[in-house]
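All remarks here apply to the structure that follows.
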Amino acid sequence: MAQPSILVVEDEDALATLLQYNLEKEGYRVSVAGDGEEALARVEEAQPDLVILDWMLPKVSGIEVCRRIRARGESRNLPVIMLTARGEESDRIRGLDTGADDYVSKPFSMTELTARVRAVLRRIRPGLAEDRVQHGDLSVDRVAHRVRRGGREVHLGPTEFRLLDYLIQHPGRVFSREQLLDAVWGSEVYVEARTVDVHIGRLRKALGADTAPNPIRTVRSAGYSLDLEG
Ligand code: CA
């Protein structure tokens with residue numbers, strides 16, 4: 001199953017490592033950026049599902065990173081949890097209109113942080129946190145690994161399941177073959193981009209694209225998008 005991906009932006013190595021370790025243990029895919037500039041580049045390339053953003057960062061401050069994330073169309077709705085220092089600093093940052101979805105004051109416990117991550121994901125991207133996701137006449141049950149279309153059961157191979165599970169989390173969003181490879185096959189695996197086309201073809205066939213509306217749109221020279229409404 002494609003797990004939500006989290007970008008941790010923290011310049012303190014020890015804390016970044018601790019966050020990565022604990023979030024991976026919870027099943028998230030985690031990448032780390034050490035400063036604000038790197039964070040903005042990562043958001044653009046990797047399109048994470050959530051960002052944990054330290055306020056005090058070298059080069060570009062956490063507040064500025066958050067504002068720039070909000071200013072870009074593609075990342076406007078990206079959930080951001082801001083990490084702040086204790087006391088006055090956290091009161092001040094809460095009073096500023098940074099656009100963060102939640103704030104966690106340092107020092108914090110990992111239990112508290114992972115609970116906030118789950119809550120933000122559930123609120124903002126219900127598709128990422130729920131066991132069942134629905135889009136049009138398609139439904140995916142992640143616990144039972146079952147897919148239905150218009151009430152009929154659809155049998156999918158494991159790769160097609162992960163592919164659909166990933167696409168249904170972001171209906172309407174266009175993903176390049178490279179982005180789908182990273183999310184579904186993992187960035188450590190070498191697979192040719194054409195492999196994505198093969199599995200998209202199988203997925204379409206299994207979903208009955210020859211008799212019912214094709215749920216997966218091919219966007220020429222860009223990639224694929226799950227779109228039953230468009
Ligand atoms: Ca810092």
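Kindly establish whether residue 7 is touching a helix residue (DSSP H, G or I) at 6+ places or on another chain (Cβ under 6 Å) and touching a residue at least 12 places away in the same chain (Cβ under 8 Å). Lay out the reasoning, then the answer.
Details: touching a helix residue (DSSP H, G or I) at 6+ places or on another chain (Cβ under 6 Å): yes; touching a residue at least 12 places away in the same chain (Cβ under 8 Å): yes.
The answer is yes for residue 7.
Within the stretch 34-44, is even one residue of a type in the set (A, V, I, L, M, F, W, C), away from the ligand (no atom under 16 Å from the Cβ) and in contact (Cβ under 8 Å) with a residue 40 or more places away in the chain? No: the stretch 34-44 contains no residue that is of a type in the set (A, V, I, L, M, F, W, C), away from the ligand (no atom under 16 Å from the Cβ) and in contact (Cβ under 8 Å) with a residue 40 or more places away in the chain. Residues in the stretch 1-37 that are surrounded by 19 or more Cβ atoms within 10 Å (Cβ to Cβ) and either part of a helix (DSSP H, G or I) or of a type in the set (Phe, Trp, Tyr) (or both) were compared, and the one that is modelled with the lowest pLDDT is 28. When each of 194, 202 is tested for being surrounded by fewer than 13 Cβ atoms within 10 Å (Cβ to Cβ) and at negative phi, the lone residue that passes is 194.
Just the residues that are aliphatic (A, V, I, L, M), within 13 Å of the ligand (Cβ to nearest atom) and either within 19 Å of residue 102 (Cβ to Cβ) or in the same structural domain as residue 180 (by TED's automatic domain parsing) (or both), please, taken from the stretch 45-77. Quick ask: steps written out before the conclusion?
We begin by selecting, within the stretch 45-77, every residue aliphatic (A, V, I, L, M); these are 46, 50-53, 56-57, 60, 63, 65, 69, 71.
Cutting the leftovers down to within 13 Å of the ligand (Cβ to nearest atom) gives us 52-53, 56-57, 60, 63, 65.
Once the filter is applied, which keeps residues that are aliphatic (A, V, I, L, M), within 13 Å of the ligand (Cβ to nearest atom) and either within 19 Å of residue 102 (Cβ to Cβ) or in the same structural domain as residue 180 (by TED's automatic domain parsing) (or both), the stretch 45-77 yields 52, 53, 56, 57, 63, 65.
Considering every residue within the stretch 165-175, establish whether at least one is assigned to a loop (DSSP other than H, G, I, E, B) and over 29 Å from residue 73 (Cα atoms).
Just the residues of the stretch 165-175 that are assigned to a loop (DSSP other than H, G, I, E, B), to begin with: 170-174.
Going one step further and asking which of them are over 29 Å from residue 73 (Cα atoms), we end up with none.
No: the stretch 165-175 contains no residue that is assigned to a loop (DSSP other than H, G, I, E, B) and over 29 Å from residue 73 (Cα atoms).
The values are calculated or read from the model by the stated rules, or taken from the named source; none is laboratory data. Please read these numbers as outputs of a predicted model, since none were measured by experiment. Neighbour counts run over all protein chains shown; Cβ positions are idealised from the backbone, glycine included.
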